[in-house]
Amino acid sequence: MPGLTLRNLVGGDTDQDGMPWLVSSPDRDNLKYTLPGLILCLNKNKRMSNLVKEFNDYRTKMNEVILSKENLVIKRLWNLDTNTYAEGALDVKTKELLGLVASMVLRCDDCIKYHLGKSHELGITTDQMYEVFAVANIVGGTIVIPHTRRAAEYWEELLNNEQGTRNKEC
C-alpha cells in the first residue's frame with residue numbers, strides 16, 4: 001500500500017490496556033499507529049513522492065518506444081512542439097504557463113504534469129502557479145476543478161521533492 005511503512009518493535013508502544021494509540025507529528029504529514037510489536041507509519045509525503053518519478057519514468061520509456069518507430073510525422077510534430085517553447089518574443093516561463101493553462105482547459109493530465117515540472121524547473125513560485133490555476137478555471141469553467149486538484153497535488157509533490165521532506169522516525 002503506498003505511503004505505508006511497517007516497522008517491528010521490541011516491546012511495543014501501547015496504552016495501559018494494550019490498546020493502540022495514535023501520534024501525529026507536529027507537521028501533520030505523518031501519522032503513527034502503534035500496536036504491540038508493530039508500528040504503522042502513514043507518511044503523506046511518502047505516498048506522493050512517487051508521483052513525479054512515476055510520471056517521468058513512464059514518459060521517458062514511452063517516448064523512447066514511440067521515437068524508435070522512426071515515424072517522420074511524429075518526429076516533426078515533436079520537434080515543432082519543442083521549438084514552440086523556446087525563447088522568442090515571449091520568454092520561456094510565459095510560454096510554459098500558457099501551455100499549462102491550455103493543458104488544464106483541455107483537461108490533459110499528462111500535459112499538466114509536464115508543464116508543472118517545467119514551470120518548477122524555471123522557478124515559478126507557488127503564488128504565480130495559483131494565479132495560473134485561477135486563469136485556467138475561469139477560462140475552462142468548473143470542469144477544470146478536478147484537474148486543478150491533481151495539479152495542486154503534483155505541484156506540492158514537486159515542492160516536497162525539492163525540500164527533501166521525509167519522515168525521519170519511520
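Among the residues making up the range 57-82, those that are among the charged types (D, E, K, R) and over 24 Å from the mean Cα position of the chain (by Cα) are LYS69, GLU70, LYS75, ARG76.
Being farther than 18 Å from TYR114 by Cα and of a type in the set (A, V, I, L, M, F, W, C) is the filter here; which residues of the range 68-92 pass it? Answer for the range 68-92, where residues must be farther than 18 Å from TYR114 by Cα and of a type in the set (A, V, I, L, M, F, W, C): LEU72, VAL73, ILE74, ALA89, LEU90.
Could you please let me know if TYR114 is surrounded by 18 or more Cβ atoms within 10 Å (Cβ to Cβ) and either part of a helix (DSSP H, G or I) or over 16 Å from the mean Cα position of the chain (by Cα) (or both)?
Criteria met by TYR114.
From the list VAL65, VAL101, VAL92, the one residue that fits, being under 23 Å from VAL52 (Cβ atoms) and crowded, with 19+ Cβ neighbours inside 10 Å, is VAL101.
Among the residues of the range 93-109, not a single one is of a type in the set (A, V, I, L, M), more than 21 Å from the chain's Cα centre (by Cα) and on the phi < 0 side of the Ramachandran plot.
Each reported figure results from applying straightforward, stated rules to the coordinates on display, with no laboratory input. Model, not experiment: these values are computed from the prediction. So basically every Cβ, Gly included, is an ideal-geometry build from the backbone, and we count neighbours across all protein chains shown.
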